[in-house]
Every structure is written in C-alpha cells, then in structure tokens.
1. When the residues of the stretch 223-241 are filtered to those that are touching a residue at least 60 places away in the same chain (Cβ under 8 Å) and in a helix (DSSP H, G or I), which remaining residue is nearest to F115 (Cα to Cα)?
2. What's the total number of residues in the stretch 20-77 that are assigned to a loop (DSSP other than H, G, I, E, B), over 21 Å from V139 (Cα atoms) and in contact with a Leu (Cβ under 6 Å, 6 or more places away or on another chain)?
3. Determine which member of the set R116, R76 is more than 25 Å from F34 (Cα to Cα) and either among the charged types (D, E, K, R) or at pLDDT 95 or above (or both).
4. Scan A191, A206, A181, A216 and give me the residue that is buried (at least 17 other Cβ atoms within 10 Å of the Cβ), in a helix (DSSP H, G or I) and touching a residue at least 40 places away in the same chain (Cβ under 8 Å).
5. If you take the residues in the stretch 41-93 that are of a type in the set (D, E, K, R) and in contact (Cβ under 8 Å) with a residue 24 or more places away in the chain, which one is nearest to L134 (Cα to Cα)?
Amino acid sequence: MATVAGRPLAPATGDERFFLRAAILMTVIIIGGFSFQYLMGRSTFGAPPRVHLHAFFFMGWVGIYLLQNIFVATGRMHLHRRLGWIAAFWIIPMVFMGCFVTAVMVRNGTVPFFFRPLQFLVFDPVTVFAFAGLTIAAVRLRKRTEWHRRLHFCGMSLLLGPAFGRLLPMPLLQPWAWEAAFAVCMLFPIAGAIADIRRSGRVHPAWNWGMGTMVAAFVLTEVITYSPAGRSLYLEVTRGSPGASLAPLDFAPPPSTPLVTGRK
C-alpha cells in the first residue's frame, strides 16, 4: 500500500479518487516537461534569479495542489485547511512573477521562435490571471466542496500549458503552437466532466464555469493579439529594448545554435 510520510494512504472513493489521480498525473506532466527540457540541453540552471524565483513559486504551487488532494483523499482535513490559507496568498507572487518574467523575455527579444512575440506577451499574463480568478473563486466556495475542487482543477489545468509546450513538438505545430498546447490542457476538465457523467449521470455546473473561464481566456488572448490595442501594448512594453526591433506578429527564424531557454 502507498504511503505518505510513513502513513498508509486510505482508499479514496468517488470524487476523491479522480481528483487525486488527476493531481498526480498533472504533477508528473509538469515535472516531466521541465525535466525533458533540461535533459535535452534546452534549459539551464544558470538562469537569472528572476527565472529561479518564477520557478520556485509555480513549482511550489504544483506541490501545494498535489498535497491538498492527498490530504483530502486521506482524510487529513485539518492539514488541508491550514495549507489552504498559505495557498490563498501564494497566488499573489505567482501573478506578479508570471507577468514580470514574460515582459522581460519580450523586451529582451527571447520569445521562443514558434510563438508570435505579441501573442506570447498576451497569453502568459491572461492565463495567469484566469488561473488566479478560478483559484480565488474556489477559495471563496471552499465550503461547497464540489465547486471548490472543480474550480481549482480548472485553474490547475491552465498551468499545464508550459509543460505541454516542452513535451509537444512545438516547432512542427507552428503557427498554431500555443493554440495546440491550450487544446491539450482543455482535455483535463473535459475528462472531469466525463467522469461526472459516468459517476452521477450529469455534469456538475462548476465544470461549465471553469471551462467557460478557460475558453474566455483563450478568446481574449486571440482578440487582443490581433487588435490595434495589442500592437499598442507591445510597443509600450518593448519601447527602448531589443524586442522593439521584432515585428509583433512575425515568427522569429529558428536559432542557428541549440535553443537554451532562461539565459536572459
């Protein structure tokens, strides 16, 4: 029998079983994606402090989410509640670092070549804010367990994008690389809705709100990317930087040397 901190895991049933297994799968995908990037020589620990700080908060959230599901599945609700308050404040630096690191990459002109620079500038912050919105809603609805866990699940699904961006053959998916990664992320809440149908014969409305928020973030990203407002935003963010010399909607040519992310 599996154990956590030396204690046996109690058998999970119903929702708990699904959400625990999904949390484990999400964790494996995220760790696998970033590990694969490193093993392929496309990532380095010699990155600036901001990159390490960004990784600390986002990988920390992965650990928090997994632990929360373990605590629920094993009946340790007192630990779940205590960690929940840490999680509620943890999202603040996540939002800040997500936006900050994105802006720096765009200004430095180091956006991955299979993304449009302007689209990259938009989709990262929009995704992080959508995640924060779903997480805040989940916290506010913490006494309504079915809503709470499903909204958290949808928020976590949004954070899978960077991992899939490292596992999928993104250069081959150009010009739809970001859209492809988003589509794969959507498979997780869809699987949750299907699990509801199999278990109870209906889809809980929290899935509609969660997936609706995810799709709204996708649509908003596309609208801003291809609008005059998006171009103005790009010009303001990149003013006086190397990124200003790059066309907002043009793909950069593939690098002549091996791509290593997080160097600048």
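1. T225
2. 1
3. Every option except R76 fails the conditions.
4. Testing whether each residue is buried (at least 17 other Cβ atoms within 10 Å of the Cβ), in a helix (DSSP H, G or I) and touching a residue at least 40 places away in the same chain (Cβ under 8 Å) leaves just A206.
5. R50
The values are calculated or read from the model by the stated rules, or taken from the named source; none is laboratory data. None of the values given here were measured: they were computed from a predicted structure. Every residue, glycine among them, receives a Cβ derived from its backbone with ideal geometry; neighbour counts consider all protein chains shown.
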